[in-house]
Amino acid sequence: MADVPVAESSISFIDGKRARLEYRGIAVEALARESTFEETSWLLLKGALPTQRELALFDRDLKQNRSLKYRQIDILKCLPPSGHPMEALQASLAALGMFFPAKEDTWESILHLVAKTTTLVAAFHRVRHGEDALAPREDLGHAANFFYMLTGKEPSAPVARVLDACLILHAEHTMNASTFAARVVGSTQANPYSVISAAVGALSGPLHGGANEEVLEMLDEIGDHSKAKAWLEDAIATKKKIMGFGHRVYKVKDPRATVLQELAEHVFTETGRPAAYETALSLEAAANTLLGPKGIYPNVDFFSGIVYSSLGIPR
C-alpha cells in the first residue's frame, strides 16, 4: 500500500518537503503555541474554530462526560497489572460501547470518547499500582485534569500548557495507520467505540504511536551523549532500526518534532535538563550528517517521550 492514495483529507494538510502541517488550514505550530486541546478538538471535528459560546458549551459537555461508572473501573481492575496501558485502553474503549448503545447521532459517542479516554488511561495507571482511581475535576482543563488524575498532583500552569500542546500535536495526521484502521472498521457500521478501539490497536505498534517508548529505550542503550555518534555509526553499519528518525512523508525535520523540542526546553526550566535529552541532541547532530543527505530527520516520536518523562508521566 506504500504510495497508494486512499483518500483526500480536508481535515489536515502536509507538505513533507517544506515541513508544513496544517489542521483545517491553520499551522500546527500556531495551534500548539496558542490554542487548547478543547479548541483544537472542535476545529478538527467541526471544521472551523469555535465561537466563545461554542467553546464554553463544548468544554462544559466534555467535563460532564469525563467520569467513569464503578463497573467501568471494575473492568480496569480485572486487567493484568503487567499489561501495557495501550492494550488496556484498547480493551476498555471496546467495553465502553456496551455501556452506551450506538445511536444514529454519533455526537454523544464522540463526547464520551474524547472526554473519557484520558480518564481510562489515568485510572488504569493507578489501579494497576494498587491505588484508587481519581475522579476528574471540573475546575481543570482537559490536559491539566489528565495530569491530575494520573499523578494526583495539580500541574503548574507551564506544565499544563506543555501537555496541552502535546495533545494538540498528536491530534491529527491525515491517513496514518490508526486512521486507516478506524476507517476500515467504521465502514462496516461498527459502533464508534469499536472503531476507536481498533485505531488504538494500530496506534500501539512500535512503528506508530509506540515509537516514543522505543526512543527512550534507545537513548538508555546509548547512555552518555559522547557515545551517540559511535552508536549511530554502528547502527547504520549493522542496519539496526533507529527509532525516532525518518518519515514516509517528511523529508525534512518533522514540524511537530521542532515544536516538541521547544516544549522540552520549556519544561526543563522547571524539571532540569535530563541526560537523555543531551544524548538526543548529540544523536540528532550525528544523524544530520550521516542520515540527513538521505532525507532522514527526527520525527514526532524523537522528543515526545523525553517531554512526557520530564513531566513525570511514566512509560
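Things worth noting here:
- Total residues in the stretch 216-247, condition loosely packed, with under 12 Cβ neighbours inside 10 Å and either in contact with a helix residue (DSSP H, G or I) (Cβ under 8 Å, 6 or more places away or on another chain) or not assigned by TED's automatic domain parsing to the domain that holds I306 (or both): 4
- Number of positions in the stretch 81-122 that are hydroxyl-bearing (S, T, Y) and assigned to a loop (DSSP other than H, G, I, E, B): 2
- Residue within the stretch 1-12 that is touching a strand residue (DSSP E or B) at 6+ places or on another chain (Cβ under 9 Å) and either hydroxyl-bearing (S, T, Y) or surrounded by 12 or more Cβ atoms within 10 Å (Cβ to Cβ) (or both) present: yes
- Screening the stretch 255-315 for helices (runs of 4 or more DSSP H) wholly inside it with 2 or more residues that are without any contact (Cβ under 8 Å) to a residue 60 or more places away in the chain and under 17 Å from the mean Cα position of the chain (by Cα) returns the ranges 255-271, 301-310.
- If you go through the stretch 219-254 and keep only what is of a type in the set (D, E, K, R), within 30 Å of P155 (Cα to Cα) and part of a helix (DSSP H, G or I), you end up with just D220.
- Scanning the stretch 123-151 for residues that are without any contact (Cβ under 8 Å) to a residue 24 or more places away in the chain and either outside any helix (DSSP H, G or I) or in contact with a Ser or Thr (Cβ under 7 Å, 6 or more places away or on another chain) (or both) turns up G130, E131, D132, L134, R137, D139, L140.
The values are calculated or read from the model by the stated rules, or taken from the named source; none is laboratory data. Just so it is clear, the structure is predicted and the values come from calculations on it, not from any experiment. Backbone-built Cβ (ideal geometry, glycine too); neighbour counts: all protein chains shown.
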